[in-house]
Amino acid sequence: MPPGANLAAAAATTASAPTGTRAPADVPASRSLREGFLVGVTNPKSAIFFVAVLPQFTAPAAGPVWSQVLVLGTLHLLIGLAFDTVWALAAGAARGWLTRDPRRLPRLGATGGVVMIGVGGTIALSDRQL
């Protein structure tokens, strides 16, 4: 089988898939919040940030380090909450816009595929060593 045959078959399958809109799953908000909290708390990137990066911004001469870390951690939490709220509102608006016309999602998927192929081809043909 030629190397591009799988890609062509996948593209044909995606293009012929039904494009109807689906209702979101009936998941209680409390479950979503609980799962989101668990993901955030168990995220190793957060632990690495608080252990490796945050202490660099403390000054022992300015007062107790634990209170500085508490303030900086709270600030990190509030900034993250603000950004996540903006992303959630933008995603909700984008979902409404994307599902209004059933042709938009397949076009978006095809555009993303073409971009990925273009990026892959550019990397493959570049002279830079990675």
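FYI, it's all coordinate maths here, none of it is from the lab. Since we're looking at a predicted model, the values are computed, not measured. All Cβ positions, even for glycine, are placed from backbone atoms using ideal geometry, and neighbour counts span all protein chains on display.
Here are the numbers:
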read-out: Separation of the Asp26 and Ala61 label points, Cα + 7 Å toward Cβ, nm; value: 6.4
read-out: Cα-derived Rg to Rh of segment 36-125, Kirkwood definition; value: 1.20
read-out: Modelled FRET efficiency - R0 25 Å, Leu33 with Leu78, Cβ distances, 0.05 increments; value: 0.90
